[in-house]
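Presented below is the structure to which this report refers.
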Amino acid sequence: DIRTVYDFLFHLPSRYEDFSIISKIAEVQMGETVTIQGQVLEMKTNHMRGARIKTMQKALITDGTGTIALTWFNQPFLTRTILPNNTISASGRVDRFGKSQGLSVQSPEYEILHEGANAIHTGRLIAVYPETQGVSSKWLRRQIHTLLKEHLDELTEYLPEKITQENNLMEYTQAIREIHFPQTLETAQKARARLAFDELFLMQLAARKRRTAWQKKQKGIPFAVKRYQKKLTDCIKS
């Protein structure tokens, strides 16, 4: 049911992943969830023996302090997306693939970093959305990021300042931006509180509007009190 820009902006996250810790490769520890950023030295596909895992895609990256592997499974298209000399940002859990292997970040979220561009999938709190088959949170996040840049200034605050101040509410456009790309969990919670207030406020406003319209259209039924009272009196007497 996403058909308009408004639908996109109000397709709200269900939760967040915290990828805000950016670590040097030499400092990562087993079991940590981290973001690492560096240059791709090589990218290749290894064929595996097994029914479920047919191929493993492996990127070796360096940040000057060390090297580490990024690994994905059954995603051969990645060798056409992640290329040697790319600068990449990757977020995920540090683990070990096989007893004889070194540390790696397995199935990480990733993005190629271009000069002057801000990371939207790694190195920050990232929104995870309700999904359907074929539509991932990463795809939704990318579309919403573009729409916010193009259309956010078309939205304006519509609540009176008195209401926002009395209820300690975040400004409307800031709330929409923060719900999708929060600076902290606290700002994400404030954004959700503002949009929840709006939902209840508009529901009450619509109910008031319907009630007022109904009262204006309502017509009374003519009732001749004296005539019916005389008939009732005659019936009692008889």
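The values are calculated or read from the model by the stated rules, or taken from the named source; none is laboratory data. Fair warning: this is a prediction, and the values are worked out from it, not measured in the lab. All Cβ positions, even for glycine, are placed from backbone atoms using ideal geometry, and neighbour counts span all protein chains on display. When the accessible area is computed, the model is the full protein with side chains, heavy atoms only, and any ligands, DNA or RNA have been set aside. Shrake-Rupley method; radii C 1.70, N 1.55, O 1.52, S 1.80 Å.
Per residue and in Å³, how big is the convex hull formed by the alpha-carbon atoms of segment 107-171?
Spelled out: Cα convex hull of segment 107-171, divided by residues, is 162 Å³.
First select every other residue whose beta carbon is under 14 angstrom from the beta carbon of Y158; then total the charges, Lys and Arg +1, Asp and Glu -1.
So the environment of Y158 carries a net charge of -4.
Starting from the Cα of Q218, step 7 Å along the direction of its Cβ; do the same at E154; then give the gap between the two resulting points in nm.
Spacing of the two 7 Å Cα→Cβ label points: 4.0 nm.
Between V128 and R49, what FRET efficiency follows from the Cβ-Cβ distance if R0 is 35 Å, with the result rounded to 0.05?
The calculated FRET efficiency here is 0.60.
Specify which residue in the list G38, A206, L60 is farthest towards the positive end of the charge dipole of the chain, using unit charges on the beta carbon of Lys, Arg (+1) and Asp, Glu (-1), about the Cα centre.
Looking along the dipole axis, the top candidate is A206.
Jot down the per residue volume, in cubic angstrom and as a whole number, of the convex hull over the alpha-carbon atoms of the chain.
255 Å³
Report, in debye and to the nearest 20, how large the dipole of the chain comes out about its Cα centre when Lys and Arg carry +1 and Asp and Glu carry -1 on their Cβ.
2060 debye
What figure, in Å² to the nearest 10, do you get for the accessible area of W139 with a 1.4 Å probe and non-protein molecules left out?
The accessible area of W139 comes to roughly 110 Å².
Leaving out ligands and nucleic acids, note down the accessible area per residue over the chain with a 1.4 angstrom probe, in whole Å².
67 Å²
Within the accessible area of segment 1-116, what % is carbon and sulfur when the probe is 1.4 Å and the other protein chains stay in place?
Exposed carbon and sulfur together represent 48 percent of the surface.
Figure the gain on full extension for I112 and L83 (residue separation times 0.36 nm, minus the Cα-Cα span) and round it to one decimal in nm.
Going from the current span to full extension adds 9.5 nm.
Taking the simple approach of a point 7 Å from Cα along Cα-to-Cβ for both Q29 and K209, what is their distance in nm?
5.6 nm
Report the gain in length on full extension from N168 to V135: 0.36 nm times residue separation, minus Cα-Cα distance, nm rounded to one decimal.
Full extension from N168 to V135 adds 8.3 nm.
Stick to the Cα atoms of segment 61-188, pair each with every other, and give me the Kirkwood hydrodynamic radius in Å at one decimal.
Here the Kirkwood hydrodynamic radius works out to 17.7 Å.
Distance between the C-alpha centers of segment 21-66 and segment 67-120? Whole Å please.
5 Å
Report the label-to-label distance for D95 and L41 in nanometres (one decimal), using points 7 Å from each Cα along the Cα→Cβ vector.
For the pair D95/L41, the computed spacing is 2.3 nm.
Over segment 2-86, what lengths in whole Å, largest first, do the semi-axes of the equivalent ellipsoid take, defined as the square roots of 5 times the eigenvalues of the alpha-carbon gyration tensor?
Output for segment 2-86: semi-axes of 28, 21, 14 Å.
Rounded to the nearest 500, what is the 222 nm mean residue ellipticity of the chain from helices alone, with -39500 (n - 2.57) per DSSP H run of 4+ residues and division by all residues?
-11000 deg cm²/dmol
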